[in-house]
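Note sheet for the following structure.
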């Protein structure tokens with residue numbers, strides 16, 4: 001039996017496919033269209049899933065699961081307008097045409113894609129948005145039973161929820177309803193600090209360690225009332241998202257000393273302190289929610305999903321507090337993962353099929369659920385485009401790349417199946433030497449073309465993680481922040497807060513400076529032989545040559561570009577950036593050997609600001 005899961009028409013559209021409950025494939029539409037956060041009906045991702053599931057013309061998709069209930073969302077729009085009328089009319093009048101043209105007809109739109117592929121369709125299911133999130137967190141987890149916590153901006157009415165998963169059943173226990181949303185609170189500060197909502201929240205999280213939480217009490221006093229169970233109440237007099245076109249209003253601006261930062265302008269101490277303040281408040285709310293979830297479920301393990309679950313700093317705090325024995329976070333926690341969750345919910349909870357659980361690992365296959373390319377396909381691409389290259393066997397490849405990295409060269413990897421979710425995990429990654437003092441600045445400015453304050457994440461052999469980082473034992477999806485071991489810290493000089501941002505960020509703080517943030521934190525990814533044996537082999541070779549088993553791992557893209565998917569995407573990004581060596585499978589491509597790259601001067605304008 002094949003079940004297709006779909007998320008679409010808001011942001012990060014995606015498709016996923018199950019075959020008799022097994023996760024066969026999943027991918028975001030943006031990776032195919034090259035439009036960041038593409039919200040359209042994911043026709044390309046659906047066709048990829050059909051191919052991966054070997055469903056040809058004449059075949060059948062037995063069930064289609066869409067990740068929320070469109071009509072219920074529309075009732076929220078109506079209700080919100082009635083509550084805020086007449087001030088909310090402009091917002092409402094802009095939203096209605098989108099509903100009439102697209103969102104009310106999502107099922108026929110998906111059916112049309114399948115019909116165009118010659119595939120017959122079965123029954124449609126519409127799990128609620130947070131049910132889909134919760135299912136994406138629990139059902140692929142390695143736990144027989146667990147508490148489940150979800151949090152994001154808003155689904156239909158729900159903004160966060162607590163559930164319990166037991167075997168093939170998922171029971172929702174509590175919810176926080178719109179407009180009182182932890183996700184929208186965080187997005188309001190994202191907007192106010194000059195970053196793009198539903199895109200720049202991770203920038204705000206990365207900016208927070210530069211600031212002091214001096215506004216945290218103002219947030220608690222004026223904006224949000226936090227209860228002991230983690231539920232919240234927002235004073236909507238400070239926000240604009242109910243009846244306006246912006247997240248915040250003039251009252252919010254007055255409280256925090258002036259208008260929102262203009263995007264792309266200089267970042268001031270105010271923005272750093274605002275980021276630190278809302279991060280502290282967010283962590284407080286999430287910790288209370290986690291403690292309440294433990295109390296009401298009695299479960300020893302926790303699963304998490306929803307956009308707020310991508311706040312890996314808060315996740316790390318939950319882990320460090322020891323509220324649960326183990327914490328597992330869905331690697332595609334945002335709306336993309338809802339496609340997978342919807343399909344899993346139908347298979348297990350609705351249809352009653354038993355879960356196959358492996359306590360040693362989860363069922364996400366290391367999140368390597370996207371397209372891959374055969375040796376012949378890669379070789380044909382290189383030959384057709386006259387790209388100079390060499391081919392190495394597995395062992396020689398690992399040794400060569402390890403030496404290249406030890407020489408402070410930057411390596412791009414396009415290897416195996418593309419990752420599902422927002423993180424590059426070694427399949428579509430840019431790697432560099434974490435010991436290099438120049439690498440943090442070089443990668444930001446000459447490779448990623450992004451803001452200089454943003455940190456980079458480490459990958460480390462799972463068996464060595466305790467030698468470098470506190471608390472974390474297993475973090476395969478780069479969704480936990482931990483502190484670099486104190487014995488690896490370098491002495492603090494004491495003048496950091498008075499330095500310009502560009503100087504502060506580039507000052508070495510440990511013996512792995514390229515992955516040590518200004519507060520000595522790092523967003524850790526552990527690498528094991530089961531999930532990614534080739535990346536494990538590369539790290540092992542690097543350790544044998546250098547004594548260090550940590551590398552920088554950042555996504556294979558430039559700012560505002562979706563992560564690369566195809567060999568062509570990888571080669572274009574390689575030639576546009578400061579990457580020295582590109583490895584597509586076992587084919588090695590050296591920048592120095594390539595013919596002159598002709599590029600339009602405004603190529604970056606293809607990608608809108610993030």
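The values are calculated or read from the model by the stated rules, or taken from the named source; none is laboratory data. The structure displayed is predicted, hence computed values, not measured ones. Cβ: placed from backbone, ideal geometry, glycine included. Neighbour counts: every protein chain shown.
For the reader, a short list of remarks on this structure follows.
- Residue within region 580-591 that is in contact with a helix residue (DSSP H, G or I) (Cβ under 6 Å, 6 or more places away or on another chain) and over 18 Å from residue 535 (Cα atoms) present: yes
- Within the set 17, 23, the sole residue that is at pLDDT 95 or above, surrounded by fewer than 24 Cβ atoms within 10 Å (Cβ to Cβ) and part of a strand (DSSP E or B) turns out to be 23.
- The helices (runs of 4 or more DSSP H) located wholly in region 81-198 that include 2 or more residues which are under 26 Å from the mean Cα position of the chain (by Cα) and over 30 Å from residue 275 (Cβ atoms) occupy 106-116, 129-138.
- Hey, residue 298 touching a residue at least 60 places away in the same chain (Cβ under 8 Å) and touching a strand residue (DSSP E or B) at 6+ places or on another chain (Cβ under 9 Å) or not: no
- Of all residues in region 205-223, none that is free of Cβ contacts under 8 Å to residues at least 40 places away in the same chain has its Cβ atom under 6 Å from the Cβ atom of a residue that is part of a helix (DSSP H, G or I) and buried (at least 22 other Cβ atoms within 10 Å of the Cβ), 6 or more apart or on another chain.
- Set 40, 19: member being free of Cβ contacts under 8 Å to residues at least 40 places away in the same chain and touching a strand residue (DSSP E or B) at 6+ places or on another chain (Cβ under 7 Å): 19
- On inspection, residue 366 qualifies as at positive phi and in a helix (DSSP H, G or I).
- Looking only at region 2-11, residues that are at pLDDT 95 or above and either in a loop (DSSP other than H, G, I, E, B) or buried (at least 24 other Cβ atoms within 10 Å of the Cβ) (or both) come to 6 in all.
- When each of 144, 166 is tested for being surrounded by fewer than 24 Cβ atoms within 10 Å (Cβ to Cβ) and without any contact (Cβ under 8 Å) to a residue 60 or more places away in the chain, the lone residue that passes is 166.
- Number of positions in region 543-575 that are under 16 Å from the mean Cα position of the chain (by Cα) and over 16 Å from residue 30 (Cβ atoms): 2
- Residue 283 under 25 Å from the mean Cα position of the chain (by Cα), without any contact (Cβ under 8 Å) to a residue 40 or more places away in the chain and not in a loop (DSSP other than H, G, I, E, B): yes
- Matching option when the condition is in a helix (DSSP H, G or I), more than 20 Å from the chain's Cα centre (by Cα), buried (at least 18 other Cβ atoms within 10 Å of the Cβ) and in contact (Cβ under 8 Å) with a residue 24 or more places away in the chain, among 342, 402: 402
- Of all residues in region 89-112, those satisfying the criterion of being within 19 Å of residue 153 (Cα to Cα) and touching a residue at least 60 places away in the same chain (Cβ under 8 Å) are 91, 103.
- Criterion applied to 563, 579 was being more than 17 Å from residue 389 (Cβ to Cβ) and part of a loop (DSSP other than H, G, I, E, B), and the one residue passing it is 563.
- Summed over region 92-123, the residues that are touching a strand residue (DSSP E or B) at 6+ places or on another chain (Cβ under 7 Å) and buried (at least 16 other Cβ atoms within 10 Å of the Cβ) give a count of 6.
- Residue in region 426-440 that is more than 17 Å from residue 583 (Cβ to Cβ), within 22 Å of the chain's Cα centre (by Cα) and surrounded by fewer than 23 Cβ atoms within 10 Å (Cβ to Cβ) present: no
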